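The values are calculated or read from the model by the stated rules, or taken from the named source; none is laboratory data. Just so you know, these numbers come straight off a predicted model, no measurement behind them. Heads up, the Cβs are rebuilt from the backbone with ideal geometry, glycines too, and the neighbour counts pull from every protein chain shown. Note: areas computed on protein heavy atoms with side chains; ligands, DNA, RNA excluded. Shrake-Rupley method; radii C 1.70, N 1.55, O 1.52, S 1.80 Å.
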Amino acid sequence: MPASRKPNYMKMREETDLSLEVIILLILGVFMFLFGILLFRIHTGELPYNPDSTYGLFLVIVSFQIITMGKTPFGDLRRSLLLVIVGICAAILGMVACYIPGTLSWLVRVLVGVLLLAGGISLLLQLFFSEEKARIWMKVPRVLQHLTIACGLIYAITIISGLITLFPMIKNDPQTGIVLIAYGISFFYLSWCIHKVSRVYPEETGGLKKESGSRFKFLQEASIPLSLAVLIMLGVLLSLLGFLLFPVNMGLLPFSPDGQLGLLLVVMAIQMMALGDTPMGQFKRSWLMIIIGIVFASLGIFSCIVPGILTGLVQMLIGVLNILGGGILLLKRFIPIVQGMRNPPAEPVHVPPVMRKLMITQTVLNVVSIAFGLSMLTPGLIPAMIVPVILIINGILLLLLGYILQQITRIGEIGGQTTENPSE
């Protein structure tokens, strides 16, 4: 059968070449488009609204761009250790806003407004005054002209959104809803343009060139792969949630379960779409996985914006995924060990210490994931003061897993260099 006549279900299972930048833009498009539609019903009082979780989720998504790609609201910067730290701090601020409503309301609203307004102005000026952007792009037919239009549209609406966020008195909800819907469509348009450009000009879309000409370690390029960045975000998310749940359980702080669940689901969706990583294990990054990720992201975004509607559904979904995922991965890990014990090799297999650490960490992480899933499905089964401990352990284990994977990567790189240069 010719490739052009493949059945739709086969095309859905094919590997995609969507970049992380395109995926984040799709998530932002879903965020703005869905927010705009919901705002009409929020305006009439048919739906509740949680502005803290909404602004907090936006900050976390922006922080994800900063940490993984060095893309800030003000333009592309070298992804230095300092920039990564700034991104993590902004993510923590967004997470706290999602978890604890009412504590950072003014701060996150003003911060988001400033980022949108100042960032939109900065990017619009760079687009039209930089010699490497619109001046050249508009001379090239088709895709780069589309890219110029998409960027100009996005930056103009970003400025308008910043003004609306900083000065709520200048608008009403229906007008804001129309702006947000246009904003979402513009993100979809820009993601299409960037995807097309990456195919036509692959050598031009590798991002900024790494610059190592800084004497300060904090300003040098930080080599943080995407998988590690995701683990850092999840580790910080769960650890912070665990620490905050202690005063929440004692009645000292308010808590938004919808903000917590929605944020976790959006980060999980980005992980699925960008890496093919799910709580059930690693899968091919197919179009089907992209669609499932968009559905997960939509559920998470809805939960953050509109509290109390999808709480039970999202809680059950996360609980089932963690229990099944932890159980399946444990079985996959221990069935080969049992088979090896029944049919031992002629000579004992040497397992490097770092691989033993990896296996132990993954095993404990799977057990903790099952415990976390049980706490989601049966809230009374695990004591309230034990749940934060489970979350903190889960977060620390994710950070430890990232550290071990980095060690294995470095050992592999050193081994490759030794093989290529045996005299050294």
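At-a-glance table
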quantity: Among residues of the range 47-57, those that are surrounded by fewer than 24 Cβ atoms within 10 Å (Cβ to Cβ) and within 22 Å of Leu275 (Cα to Cα), counted; calculated: 0
quantity: The lone exception for Pro101 - which of (1) part of a loop (DSSP other than H, G, I, E, B); (2) more than 22 Å from the chain's Cα centre (by Cα) it fails; calculated: (2)
quantity: Residue ID - most open to solvent (accessible area, probe 1.4 Å), chosen from residues in the range 191-235 that are at pLDDT 70 or above, of a type in the set (S, T, N, Q) and over 30 Å from Ile404 (Cβ atoms); calculated: Ser198
quantity: Qualifying positions in the range 113-158 - crowded, with 19+ Cβ neighbours inside 10 Å, within 16 Å of Val179 (Cβ to Cβ) and not small (Gly, Ala, Ser); calculated: Leu116, Leu117, Ile154, Tyr155, Ile157, Thr158
quantity: Subset of the range 266-286 [assigned to a loop (DSSP other than H, G, I, E, B) and either in contact (Cβ under 8 Å) with a residue 40 or more places away in the chain or surrounded by 19 or more Cβ atoms within 10 Å (Cβ to Cβ) (or both)]; calculated: Pro279, Met280, Lys284, Arg285
quantity: Conditions (1) more than 23 Å from the chain's Cα centre (by Cα); (2) open to solvent by 40 Å² or more (accessible area, probe 1.4 Å); (3) at pLDDT below 90; number of the one not met by Leu163; calculated: (3)
quantity: Residues located in the range 58-81, provided they are at pLDDT below 90, open to solvent by less than 20 Å² (accessible area, probe 1.4 Å) and of a type in the set (A, V, I, L, M, F, W, C); calculated: Phe64, Ile66, Ile67
quantity: Close pairs from the range 127-149: first within 20 Å of Phe74 (Cα to Cα), partner part of a loop (DSSP other than H, G, I, E, B), Cβ under 6 Å, at least 6 apart; calculated: Leu127/Lys133; Thr148/Met138
